[in-house]
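Colleague: Below you will find the structure I want to go over with you.
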Amino acid sequence: MREELRVAAYAVCVRDGRMLLARWVARDGVKRWTLPGGGLDHGEDPYDTVIREAEEETGYAVEPVALLGVDSTRQTHSRRFGADVDFYGLGIVYEARVTGGELRHETGGSTDMAAWHPLDEVPALNRVGLVDAGLALWRGRPATGRVTGIPEHPRGAV
């Protein structure tokens, strides 16, 4: 079985009781809300990644203001031509604040929409587990930076 590692950085942006999310489109066309962010380019600092990815997916310039923690997920799935992959995703999660730009949707990327959602409505959204992990880190601010109390979750490769 082939192993695959993905390291990514994500932003938890909460303003006026609303959370900024991007809608990820899976390869099979299923759409789920996720945190703005994405994979690190080789040699890129995660801090710079979250700034770049948030702008690409939402149109906003963001400033990371706190490192909230790390979320990880492991899952096995099939790739094209029947090859199984042991996928391990490591997500570095920052609290970020919007400093400029205007809300817009990404075109030609892995997301198709960005929107602000009231915090009390987030649990009802069709979302990836990373959203719950990000909220848990933002609310709890654990000294260890580790998410606890959330079942193993597929994050989606945003």
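Colleague: As a test, work out the antiparallel percent of DSSP beta bridges whose residues both lie in region 2-148, rounded to the nearest 5.
Modeller: On the way: 33 of 46 bridges.
In region 2-148, approximately 70 percent of DSSP beta bridges are antiparallel ones.
Colleague: Let me ask something else. Region 1-94: percent of C-alpha pairs farther apart than 19 Å?
Modeller: Numbers: 2047 of 4371 pairs.
Above the 19 Å cut-off, region 1-94 has 47 percent of its Cα pairs.
Colleague: Let me ask something else about it. Give the residues of region 128-148 whose amide nitrogen is closer than 20 Å to a point set 7 Å from the Cα of Leu103 in the direction of its Cβ.
Modeller: Residues passing the 20 Å test: 128, 131-132, 135.
Colleague: With +1 on each Lys and Arg Cβ and -1 on each Asp and Glu Cβ, how big is the dipole of the chain about its Cα centre, in debye rounded to the nearest 20?
Modeller: 420
Colleague: If you don't mind, another one. Whole-Å semi-axes of the chain's equivalent ellipsoid, largest first, each the root of 5 times a Cα gyration tensor eigenvalue?
Modeller: After diagonalising the Cα gyration tensor, the semi-axes are 23, 18, 16 Å.
Colleague: In addition: In deg cm²/dmol and to the nearest 500, what is the mean residue ellipticity at 222 nm of the chain if only DSSP H runs of at least 4 residues count, each as -39500 (n - 2.57), divided by the residue total?
Modeller: Theoretical 222 nm ellipticity from helices: -5000 deg cm²/dmol.
Colleague: Which order do Val122, Val14 take when ranked by solvent-accessible area (1.4 Å probe, heavy atoms of all protein chains), largest first? Walk me through the numbers before you get to the answer.
Modeller: Values: Val122 0, Val14 45 Å².
Highest to lowest solvent-accessible surface, that is Val14, Val122.
Colleague: Next question, about the same structure. May I ask for log10 I(q)/I(0) of region 37-77 at q = 0.34 Å⁻¹, from a Debye sum over the Cα atoms as equal point scatterers with solvent left out?
Modeller: -1.18
Colleague: Can you work out the accessible area per residue across the chain, with the rest of the protein chains kept in place, probe 1.4 Å, in square angstrom?
Modeller: 52
Colleague: Still on this model: How do 136-142, 79-85 rank on mean C-beta neighbours within 10 Å, highest first?
Modeller: Order by mean packing, descending: 136-142, 79-85.
Colleague: Now for a separate question. With everything on Cα atoms, drop me the angle between helix 129-140 and the longest principal axis of the chain, reported from 0 to 90° to the nearest 10.
Modeller: For helix 129-140, the angle is close to 40 degrees.
Colleague: On the protein heavy atoms, probe 1.4 angstrom, tell me the percent of accessible surface of the chain carried by carbon and sulfur.
Modeller: 50
Colleague: Using per-residue counts of other Cβ atoms within 10 Å, averaged over each peptide, order 27-34, 45-52, 127-134 from highest down.
Modeller: Descending packing order for the listed peptides: 127-134, 45-52, 27-34.
The values are calculated or read from the model by the stated rules, or taken from the named source; none is laboratory data. Note that the coordinates shown come from a computational prediction; the quantities given were computed from them, not determined experimentally. Neighbour counts are summed over all protein chains in view; Cβ atoms, including those assigned to glycine, are modelled from backbone coordinates with ideal geometry. Accessible surface is based on the protein model in full, side chains and every heavy atom, while ligands, DNA and RNA are left aside. Shrake-Rupley method; radii C 1.70, N 1.55, O 1.52, S 1.80 Å.
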